[in-house]
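Working notes for the structure below.
Throughout, read-outs are computed from the coordinates displayed, never taken from laboratory work. Keep in mind that this is a model prediction, so the values were computed, not measured. Neighbour counts run over all protein chains shown; Cβ positions are idealised from the backbone, glycine included.
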Amino acid sequence: MESKPRRSRRAAPRPAPAEPPVESAGTALAALLPSQRWFGDKSRTIARVSPIDQAPVPDTSGALALFRVEFTEGPAEIYCVPMAPAGDGRRDAGFADPIDNPAFCSALVERMRQGASLSGRSGTFRFASTPALAEVLPGPPEKTARVAGEQSNTSVVFDQRAILKIVRRVEPGMNPELEITEFLTRATSFRGAPRLAGSIQYESSASEPLILGIMQEFVQNQGDAWTALQVRLGEYFSVAVIGPDAGGSTDPAFARALAAADAKEARALGEVTGRLHMALASATSPESMAPAPAEAADVAGWRERMRAQLDRALAALKAALDTLSADQRQLAQQALERAPQLAERLVALDVLAQESVQKIRVHGDYHLGQVLRTDGGFVVVDFEGEPAHSLGDRRARECAVKDVAGMLRSYSYASSAAVLRAADAAPGDPGLIERLRPWATSWEEGVRTAFLEGYLAETSLRGARFLPRSREAFDRVLTVYELDKAIYELEYELNHRPGWARIPLAELVRAGAPPAAAPAPAARATTEGPFRFVACVELREFVGQRAEDERQLMELIEQVSLDSIYYHTHAFFLRHKFLAGIYPNDFATWVAVHVRDQMLGEQLAMMDPGEFENLEALRNALASLIDDHLRRLTIVPRIVSAEPFDFVRSRIVEIPTGVAVTTLEEFRQALLEVDASAIYFHLVEARVRLGGDNDFTAWLDRAVGQPKLAARIRGINPYSGSLERTRSRLIQRCDEALAEGPGA
């Protein structure tokens with residue numbers, strides 16, 4: 001049987017995939033862009049949107065696309081707006097956003113891995129990777145997630161291991177985020193910032209490259225430092241003043257413990273910041289990254305920029321006066337009155353030209369929101385700089401103090417914001433802010449001092465050339481940069497959060513005030529009426545001087561401030577509340593433990609700070625003792641592999657405990673309960689303040705009628721043991737007096 005020829009069946013041709021409507025999207029984008037969170041020109045009216053170039057991404061329906069956005073006023077901007085056909089994902093005015101499509105985002109990662117290039121109509125979209133990509137994302141990602149709450153960029157996380165940032169508003173030239181993280185990843189061991197994994201850029205003959213995407217390792221974190229501090233400050237104010245249920249019992253001692261924990265973290269962040277600056281200052285290439293001398297012209301330019309910002313902010317403040325609340329208006333008027341003084345404060349920046357410092361690349365927009373908390377410490381992110389500044393300004397080398405000031409202002413802002421939130425939550429308590437203010441000041445001073453300690457330990461004490469050599473010059477420059485940051489904050493708040501303008505306004509009023517006279521001593525426990533216990537905290541900062549042998553130690557003891565002598569002797573007992581040890585001052589400990597000169601260590605340990613009339617006499621005795629010892633030696637003992645002696649100075653800040661007693665029984669009970677720092681304040685610190693006496697004796701003698709007990713307590717030597725041992729001896733003397741009865 002003859003078979004019939006088989007009719008071949010040809011598969012019907014598949015329809016060509018729809019292409020993103022890039023060429024026709026201009027009108028739709030003009031209406032859509034102002035509603036996007038990443039659109040940075042909301043204050044301007046769009047005149048026209050036109051495509052620049054596009055390139056389909058293989059194996060996806062999406063394309064990378066660039067658009068020129070023109071406005072009715074001001075310069076045009078370039079935006080990166082990837083597109084997909086309508087219906088492919090979320091629909092937006094006739095097209096979809098492919099960043100919502102995991103396949104599109106994964107394809108971008110694979111193009112980076114391949115080092116691919118995609119040809120557009122007039123330029124090329126180039127993909128690149130670093131060795132870190134293979135480590136953080138060794139294979140195609142299994143899970144992609146667009147980050148919610150985007151701001152100036154759009155980010156996608158892959159497998160919780162890598163994060164791709166799509167830059168929306170792009171400028172010709174190198175993006176500082178890419179430039180700095182590439183250098184830190186490639187040329188340094190600094191790992192306090194995410195490593196760079198890859199990038200996407202657009203190249204054409206018409207301009208410098210445009211950076212469209214930056215891929216970094218994803219840092220597992222517990223949130224940013226600002227958010228965490230707001231929670232902790234709420235708890236701090238609650239246990240210090242408010243009470244758990246607004247008016248319930250408070251626990252000032254626990255509040256001080258919380259503040260101490262925050263100060264410890266601030267020091268750690270200061271150390272990370274110092275290591276970051278040291279890493280950036282180590283660059284030798286490219287030229288845009290390498291340090292250079294800060295010339296007089298650089299300093300003049302910085303000061304002029306600050307003055308221009310001051311003029312803008314004060315003009316905006318004057319225009320907004322009628323819109324401010326009554327209390328803010330009063331602050332605003334004071335700030336405006338002090339405009340000449342504020343401008344004069346900026347002149348102190350000129351000390352940089354005299355100090356021969358280097359200008360280096362810095363973070364540029366450094367605050368607590370740019371720092372992630374991790375299990376291992378802190379990680380710094382977002383090196384793009386101030387979004388409102390030009391790319392050239394954001395890539396410029398600056399004085400490193402700018403970052404330091406930014407972080408210190410952020411700590412101040414965190415404290416002030418927490419106070420305002422606490423006040424808003426208790427509208428029926430008009431006196432709350434005044435009660436919170438001393439606690440806020442104490443907290444801020446503590447974290448400020450600790451941050452600077454950590455920062456200077458990693459920079460100035462290691463010979464950093466990008467900081468002024470003297471601490472006095474450093475502090476003067478820091479004051480100027482903090483003022484400049486407050487001026488920026490005022491301009492920002494007037495435009496975005498007028499209710500918060502009071503925070504920078506208060507700083508401007510303070511900065512513009514004439515130099516204050518020495519503050520009057522705080523109220524002490526009076527000899528009549530109740531005895532009010534006062535606790536204290538110690539604010540510390542490095543002096544910037546260190547000794548490596550005993551002769552240097554002697555010479556620096558003769559030179560440093562009396563605050564430093566106080567810190568290393570009297571204040572030793574505040575830091576060693578439970579066990580003072582056999583070397584009860586820092587000088588004796590260092591000589592005996594680190595230099596291993598037991599003889600001098602024991603001689604210094606036998607020196608009782610309480611025997612000296614004042615700190616100057618104590619200083620002279622210390623120097624004379626070391627000098628006499630060295631005269632008997634042929635070789636000056638020095639450290640070999642141990643730590644040098646870093647001089648530190650301190651200031652005691654008083655904190656009212658709220659504990660007031662009127663009888664000996666109450667006094668004895670309070671001694672059991674108050675924080676050990678209150679024992680220190682009334683017995684040890686008082687000896688320096690009162691010239692040998694203490695706060696307890698006069699009250700016990702006159703208010704309670706216990707002259708014998710007063711004499712016994714006057715005879716207690718707090719330097720012969722720890723604070724807790726001193727507490728026990730005080731209670732023992734009270735028990736003896738109570739057993740003997742009144743009039744004994």
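Highest-first packing order for the peptide set 693-704, 595-606 is 693-704, 595-606, based on the mean count of other beta carbon atoms within 10 Å.
Projected onto its three principal axes, the C-alpha set of region 47-142 covers 48, 29, 22 Å, listed from the longest axis down.
Between 0 and 90 degrees, the angle of helix 296-320 with respect to the longest Cα principal axis of the chain falls at about 90 degrees.
Rg over Rh for region 531-740 works out to 1.03, both radii taken from alpha-carbon positions and Rh defined as the Kirkwood radius.
Using only the alpha-carbon atoms, how far is helix 252-280 inclined from the longest principal axis of the chain? Give it as 0 to 90 degrees, nearest 10. The answer is roughly 50 degrees. Dipole size in debye (nearest 20) for the chain around its Cα centre, Lys and Arg Cβ +1, Asp and Glu Cβ -1? Dipole magnitude for the chain comes out near 1860 debye. Calculated on the alpha-carbon coordinates, the convex hull of region 26-217 measures out at 123 cubic angstrom per residue. Our helix-only sum for the chain, with -39,500 (n - 2.57) per DSSP H run of n ≥ 4 divided by its residues, gives a mean residue ellipticity at 222 nm of -13500 deg cm²/dmol.
Against the chain, whose longest principal axis is taken from its Cα atoms, helix 401-425 shows a tilt of about 80°. The trypsin sites (Lys or Arg not before Pro) of region 611-672 meeting both criteria, a DSSP state outside H, G, I, E and B (loop) and at most 10 other C-beta atoms within 10 angstrom of the site's C-beta, are ARG632.
Most tightly packed first, judged by the mean number of other beta-carbon atoms within 10 Å of their residues, the peptides 129-142, 276-289, 452-465 read 452-465, 276-289, 129-142.
Count Lys and Arg as plus one, Asp and Glu as minus one, and take only other residues whose Cβ is under 13 Å from that of VAL591; the net charge is then -4. Ranking of PHE71, PHE158 by neighbouring Cβ atoms within 10 Å, starting from the fewest: PHE71, PHE158.
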